[in-house]
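**Student:** Okay, here's the structure, questions in a sec.
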Amino acid sequence: MSAPMEIVVCADSAGQLWNCAVIELHSGTNLLSYRGGNSSSRALTVLNGEYILGAQLGKNLINVWEIQRKDQLQQKIVCPGMVTCLTASPNGLYLVAGIAEAIYLWEVSTGNLLAILNRHYQDLTCLRFTDDSSHFISGGKDNLALVWSLASVVQLDPSKTPEPCHVLSRHSLPITDIHCGLMGPQARLATASLDQTVKLWELSSGEMLLSVLFDVGIMSVTFDPCEYFLFCGGSDGGIFQVSLCSQGLSRDKTFQSDNEGNQVFKGHRNLVSCLSVSMDGTLLLSGSHDETIRLWDIQSKQSIRSINQKGPVTNAFIIRTPANMFLPDSRPGIPLPRFSHHLNPSEQGEGVETGGVCVRLAPHTQTQKETYLEKADKLYTLMSAVTDKSVFGSGENTKVRVSELEEEVRTLKKVNKDLYDFSAQLLTKPI
């Protein structure tokens, strides 16, 4: 049997049988399970396709498993406080954790703590990276979502305090979930909140594109890969599908079921804690506090499968199957180092990892950034100026160039005339 293309990684708060498990997407078969404790909501992540990391519920620990060694807890990362949310960059280079109201950023290759960001005023609830790892977004109980540029945070100059690119402050109650679409820094971003709204943002400018009001608090949110639909998990167990392609879509709208793609998935009996869509956009995965994981056919809105858990579902997401997940003899390419608790580990007596090369970005000046449209316009103007100068030049160069072009035109005219005369002779030659 060949390895599946997509898998489900899930966890529940009970942790009676395992901490987290891997399930085959289409059949619902339990493929692997990882024992040891239980993971907090929004605090389970896959690192570089080689490790599974889960923040221990109610403790200041991150449990680590090698992804293909299911029976052995490989490592525990001790953190400065209880981890409320956790994510790894898609390129596998960085690990970000929310500890109380602070964001901790580690470099995976060395274990060095690169930054502690203190711009939230209350505990963090969720963290997300863009698909190209260039930015990450943090949401908290202070009703704020902050967009951070990794290049601004990971800098050599310690005298500069990193600032977020954008502060998204339109929510009036805590942020419950964040989802980032594709296209890196040009992606669209969705934020869900207890204020019964989901808001859609442009990541590059921080501008709000859409706000949808529901009758209940929204606990989870996701897109399909093509971003035709927005899926929102409600505190009442309903899953709301919002069409992003409806005609006459206004910036502020109230959700209502209709025939233009705005529909409701019904089946869960308690709040929907997590949502994820398959790569082909046909299947929707949902986890709920009613202790079930459901798989839905998006087109028909029907529940295909329901998988019972031992407790409220805290994490459930679909990922592409890592290459070495089902190869028991394979090992990670690079072992995880010891993770530091301090920004300057050598000063705190923690020691510095040796035997590797640490590549850091140059100092980054915190200035007002141009939008991508402004950058494109500036680049076009520059290219036009360079083209004009290289083709036409100025002064004496222009005259020389014009003379060369005139001579080339005369040569082409002569060649054309010779070809015409030759063809005419062939056609008029008697047989």
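**Student:** Restricting the search to the stretch 83-92, which residues are modelled with pLDDT of 95 or more and within 17 Å of Val64 (Cβ to Cβ)?
**Tutor:** Passing the criteria: Val83, Cys85, Leu86, Thr87, Ala88, Ser89.
**Student:** From the residues in the stretch 102-137 that are of a type in the set (Gly, Ala, Ser) and assigned to a strand (DSSP E or B), which one is surrounded by the most Cβ atoms within 10 Å (Cβ to Cβ)? Quick ask: steps written out before the conclusion?
**Tutor:** We begin by selecting, within the stretch 102-137, every residue of a type in the set (Gly, Ala, Ser); these are 102, 109, 111, 115, 133-134.
Add one more test, that the residue is assigned to a strand (DSSP E or B), and what stays is 102, 115.
On the way: Ala102: 17, Ala115: 22.
Selected residue: Ala115.
**Student:** Looking for whichever is surrounded by 11 or more Cβ atoms within 10 Å (Cβ to Cβ), among the acidic types (Asp, Glu), at pLDDT below 80 and over 23 Å from the mean Cα position of the chain (by Cα) here; the options are Glu350, Glu370. Which one fits? Walk me through it before giving the result.
**Tutor:** Numbers: Glu370 fails: over 23 Å from the mean Cα position of the chain (by Cα).
Exactly one residue qualifies, and that residue is Glu350.
**Student:** Please determine whether any residue of the stretch 254-270 is within 30 Å of Gly311 (Cβ to Cβ), among the small types (Gly, Ala, Ser) and open to solvent by 10 Å² or more (accessible area, probe 1.4 Å).
**Tutor:** yes
**Student:** Then there is this: Inspect the stretch 25-42 for any residue being among the charged types (D, E, K, R) and in contact with a Cys (Cβ under 7 Å, 6 or more places away or on another chain) and give the result as yes or no.
**Tutor:** Residues of the stretch 25-42 among the charged types (D, E, K, R): 35, 42.
Now drop any that are not in contact with a Cys (Cβ under 7 Å, 6 or more places away or on another chain), which leaves 42.
Looking for residues that are among the charged types (D, E, K, R) and in contact with a Cys (Cβ under 7 Å, 6 or more places away or on another chain), one finds at least one in the stretch 25-42, hence yes.
**Student:** Take the residues in the stretch 138-163 that are farther than 22 Å from Leu93 by Cα, of a type outside the set (Gly, Ala, Ser) and touching a residue at least 40 places away in the same chain (Cβ under 8 Å); name whichever of them is least open to solvent (accessible area, probe 1.4 Å). I'd like the intermediate steps shown before the answer.
**Tutor:** First, pick out the residues of the stretch 138-163 that are farther than 22 Å from Leu93 by Cα: 140-145, 159-160.
In the following step, the residues that additionally are of a type outside the set (Gly, Ala, Ser) were identified as 141-144, 160.
If we keep only those that are touching a residue at least 40 places away in the same chain (Cβ under 8 Å) too, we end up with 142-143, 160.
Numbers: Asp142: 21, Asn143: 38, Lys160: 81 Å².
Among those residues, the one meeting the criterion is Asp142.
**Student:** So if I check each of Val9, Val22, Val46, which one is open to solvent by 20 Å² or more (accessible area, probe 1.4 Å), within 26 Å of Trp296 (Cα to Cα) and in a strand (DSSP E or B)? Break it down into steps so the answer makes sense when it comes.
**Tutor:** Working: Val9 fails: open to solvent by 20 Å² or more (accessible area, probe 1.4 Å); Val22 fails: open to solvent by 20 Å² or more (accessible area, probe 1.4 Å).
It is Val46.
**Student:** Given (1) touching a strand residue (DSSP E or B) at 6+ places or on another chain (Cβ under 9 Å); (2) in a loop (DSSP other than H, G, I, E, B); (3) in contact (Cβ under 8 Å) with a residue 40 or more places away in the chain, identify the lone condition not met by Val212.
**Tutor:** (2)
**Student:** OK, next. Out of everything in the stretch 179-208 that is acidic (Asp, Glu) and within 23 Å of Gln241 (Cβ to Cβ), what residue ends up being surrounded by the fewest Cβ atoms within 10 Å (Cβ to Cβ)?
**Tutor:** First, pick out the residues of the stretch 179-208 that are acidic (Asp, Glu): 195, 202, 207.
When the remaining residues are screened for being within 23 Å of Gln241 (Cβ to Cβ), the result is 195, 202.
Working: Asp195: 19, Glu202: 16.
Only one residue tops the list, namely Glu202.
**Student:** Right, another one. Would you tally the residues in the stretch 185-211 being touching a Leu at 6+ places or on another chain (Cβ under 8 Å), closer than 20 Å to Phe129 by Cβ and of a type outside the set (A, V, I, L, M, F, W, C)?
**Tutor:** Residues in the stretch 185-211 being touching a Leu at 6+ places or on another chain (Cβ under 8 Å), closer than 20 Å to Phe129 by Cβ and of a type outside the set (A, V, I, L, M, F, W, C): 7 in total.
**Student:** Quick one: count up the residues across the stretch 303-330 that are open to solvent by 50 Å² or more (accessible area, probe 1.4 Å) and either among the β-branched types (Val, Ile, Thr) or out of contact with any strand residue (DSSP E or B) (no Cβ under 7 Å at 6 or more places or on another chain) (or both).
**Tutor:** Residues that pass the stated criteria total 6.
**Student:** Is there any pair linking a residue in the stretch 244-265 that is at pLDDT 90 or above to one that is open to solvent by 80 Å² or more (accessible area, probe 1.4 Å) and of a type in the set (Phe, Trp, Tyr), with Cβ under 9 Å and at least six apart or on different chains, and which?
**Tutor:** Listed pairs, sorted by first residue: Leu244/Tyr228.
**Student:** If you go through the stretch 74-85 one residue at a time, do you hit one that is hydroxyl-bearing (Ser, Thr, Tyr) and either open to solvent by less than 30 Å² (accessible area, probe 1.4 Å) or part of a loop (DSSP other than H, G, I, E, B) (or both)?
**Tutor:** At the first step, the residues of the stretch 74-85 found to be hydroxyl-bearing (Ser, Thr, Tyr) are 84.
With the extra rule that they be either open to solvent by less than 30 Å² (accessible area, probe 1.4 Å) or part of a loop (DSSP other than H, G, I, E, B) (or both), the set shrinks to none.
Looking through the stretch 74-85, none of the residues is hydroxyl-bearing (Ser, Thr, Tyr) and either open to solvent by less than 30 Å² (accessible area, probe 1.4 Å) or part of a loop (DSSP other than H, G, I, E, B) (or both).
**Student:** Please find, among Leu31, Leu57, the residue that is open to solvent by 40 Å² or more (accessible area, probe 1.4 Å) and over 22 Å from Leu327 (Cα atoms).
**Tutor:** None of the other options fit; the residue is Leu57.
**Student:** Quick one: would you say Val96 is at pLDDT 95 or above, crowded, with 22+ Cβ neighbours inside 10 Å and more than 18 Å from the chain's Cα centre (by Cα)?
**Tutor:** Working: at pLDDT 95 or above: yes; crowded, with 22+ Cβ neighbours inside 10 Å: yes; more than 18 Å from the chain's Cα centre (by Cα): no.
The answer is no for Val96.
The values are calculated or read from the model by the stated rules, or taken from the named source; none is laboratory data. Here the structure is a predicted model, which is why all the values come from computation and not from measurement. Here the Cβ is made from the backbone with ideal geometry for all residues, glycine too, and neighbour counts use every protein chain on show. SASA here: full protein model, heavy atoms, side chains in, ligands and nucleic acids out. Shrake-Rupley method; radii C 1.70, N 1.55, O 1.52, S 1.80 Å.
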